[in-house]
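Everything on this sheet refers to the single structure shown next.
Read the figures in this text as sums done on the coordinates, not as results from a lab. Computed from a predicted model, the values in this text were never measured in an experiment. All Cβ positions, even for glycine, are placed from backbone atoms using ideal geometry, and neighbour counts span all protein chains on display.
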Amino acid sequence: MRKEKFRYNPETLSYEKVKVSWKENLMRVILVIAPAIILGFVFQIIFASLFKSPHEKELEQENAFLNEQLEVNRKNYALSLAVLKDIERRDNEIYRVIFNAEPFPEELRQMGTGGSDEYEDLMGYNSSEKIIENAEMLKELEKRIYAQSISFDEVIKLAKEKEKMLASIPAIQPVSNEDLTRIASGFGWRTDPIYKTTRMHWGMDFTAETGTNVYATGNGVVKEIEVKRWGYGKSVIIDHGFGYTTRYAHLKDFNCKKGDKVVRGQIIGYVGSTGKSTAPHLHYEVEKNGKKINPVHFFHSDISADEYEKMLEMAENANQSFD
C-alpha cells in the first residue's frame, strides 16, 4: 500500500495530506526507470562487443570469402596478363617478322585509359583498395586483348596476302650472275672513284658488258623512269608494294615505261655507264619504307647458302665503288 505523506500547516496548526501532481509522479517513474535503461544499454554494448550474433558471424564469413576471392582473381588476372604479354611478344618478334610487318604500336595496346574518377563509386569500403586493384587489372587485360585482336586481324590479312607478298619482295639478282663474278662493290662506306673520298655507297655494283639484260627482282609497278646527266644517269625505280622499292641505275636503255606492271625476272633495261659512272655496270638499291637497306639480303631465291656466304665476303672486300 502506497504511503501517504502529510505536511504541517502552521496557519491551520494541523497536518494536511500532500497532493502529488502527475508531473511529479512521472518524474519519479523516470528517475526509477532511467538507470535501468542506461544500465541495460551498457550491458548490450558490452555483450555485442564480446559476443557476435549469428547474422554478424555470417556476414564476417562472407566478407572473408569475398576478400579471398578478390586475391584469387588478382593472381588470375596477373597470370592472364603475363600470358597475353608473351603472345604480344611472339606477335611482334615472330609472326610480324615472318610477314615483314612493323611491330604493333605499344601505345595502341594501352589505348583508352579511364579518368581519375573512374573508380569513385568503389571507394569508401574496407575492401576498396583490393576491388580497385582488381578493376584496374581487368581493365588493362580487356584493352590489351582488344588490341591484340586487331593485331591478329592484320596478321591474318598479311597471311592471305603472303603469296602476293613473296612474289613482290625483291628476291633475285638484277643481272645474270650464276658464278658470282660480277659483284664489284657492296653496301657500305666505299672510296668514291672520282672524288677519291670515303662515301656511303647505298647499293651494290654489278659489273657487266654494255647491253646486258637487267631484270626486275620482284613483281611491282614502274614508279619512275629517270634520265640524268650525272648521279644515277638513266635509272628505273620499281614499287613492289609492302614498303619495298628498288632502283636500277646507270642503264644504257630502258625496256619499260612509267606505270608498267612488271614481274620478277622481266627485262626492264640494259646495263650501261650513264651518269656518274666510271665503267659499264649496274648500280642496284633496295629501300624499305623509304630507308635504304643492304641488297645482299634479298637474293635468297637466286643463290644457295654457301653462295650467299661467298657473296657477303666479296661485297665486304670491295673497297671502291664504280659510281
With a point put 7 Å past each Cα toward its Cβ, work out how far residue 27 is from residue 140 in nm, to one decimal.
-> 7.1
Tell me, what ³J(HN,Hα) does each residue in the range 229-246 have, in order and in whole Hz, if you take phi through Karplus 6.51 cos²θ - 1.76 cosθ + 1.60 with θ = phi - 60° and put x for Gly and Pro?
-> 6, 10, x, 6, x, 8, 9, 10, 10, 10, 9, 8, x, 6, x, 9, 9, 10
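Once the convex hull of the alpha carbons of the range 183-317 is built, what does its volume come to per residue, in cubic angstrom?
Numbers: hull volume 13.7 nm³, N = 135.
For the range 183-317, the hull spanned by Cα atoms encloses 102 Å³ per residue.
Please order 153, 253, 260 by the number of other Cβ within 10 Å, starting at the fewest.
On the way: 153 10, 253 13, 260 17.
Ascending Cβ contact count within 10 Å gives the list 153, 253, 260.
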Farthest towards the positive end of the dipole of the range 178-276, among 236, 275, 256 and with Cβ unit charges of +1 on Lys and Arg and -1 on Asp and Glu, lies the Cα of 275
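If you rank 284, 270 by fewest surrounding Cβ atoms within 10 Å, what's the result?
Details: 284 23, 270 20.
By the 10 Å Cβ count, ascending, the order reads 270, 284.
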Report ³J(HN,Hα) in whole Hz for each residue of the range 68-84, in order, from the Karplus equation J = 6.51 cos²θ - 1.76 cosθ + 1.60 where θ = phi - 60°; Gly and Pro get x.
-> 5, 5, 4, 5, 4, 4, 4, 5, 5, 4, 4, 5, 4, 5, 5, 5, 4
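Sort the following peptides by mean Cβ neighbour count (other Cβ atoms within 10 Å, averaged over residues), highest first: 224-234, 67-77. Don't jump to the answer; show the numbers that get you there.
Numbers: 224-234: 15.3, 67-77: 13.5.
Descending packing order for the listed peptides: 224-234, 67-77.
Fewest to most neighbouring Cβ within 10 Å: what's the order for 312, 84? Walk me through the intermediate numbers first.
Numbers: 312 14, 84 17.
Result, fewest neighbours first: 312, 84.
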